[in-house]
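Encoded as structure tokens, the structure appears first; notes follow it.
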Amino acid sequence: MKRLPLILLLLVVVASAYGKKTKTTHSGRLQRAEQVVVKPEDAVPAIIPDSGDIVLAGYDKPLRTRRETILATNHRLDTVDSLFITIRYLDTDGRQLHERSVKVGQTIPAGETRQLQFPTWDIQQSYYYYLSTPPRAGIPYRILARVDSLK
């Protein structure tokens, strides 16, 4: 009877270790990804997606980087304080790898362009944007990005 709690504890430890098959390239330490949660009250539908008010271009994410970069141009008559962007990540055959929405708190004055940076989705650091400098190893991907709303 005294062995039952020990056996249960051992099963829990083994089960939790089996479920976490995350590998990293940084000396065995698990890197936690910053999760950006977009709350409905934060998302103000102030623009129509793909209306041309905010134009996204110049995306980049080389292999083994922790940040993604994209350029945003504000074609509105007022200043934008933050953007809510949805990014769909696709392999070179067009299959979806991942999709997420991020809030980027960057002020963009009317008629100007700013470089936006945010934590990468690729916590394993094994993917690279297909237009970045090709590394010797790594998996290329493409994106589809749109501005959902702004503040």
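Please treat every number below as a calculation from the coordinates, not as lab data. Note that this is a predicted model, so its numbers are computed, not measured. In this analysis, Cβ positions are derived from the backbone assuming ideal geometry, glycine residues included, and neighbour counts consider all displayed protein chains.
Worth a mention:
- Counted charge near LEU116, where neighbours are those whose Cβ lies closer than 12 Å (Asp, Glu -1; Lys, Arg +1): +1
- Extension gain, ASP78 to ARG95, is 2.4 nm, computed as 0.36 nm per intervening residue step minus the present C-alpha separation.
- Full extension of the chain between TYR130 and ARG66 gives 21.4 nm of extra length, using 0.36 nm per residue less the Cα-Cα distance.
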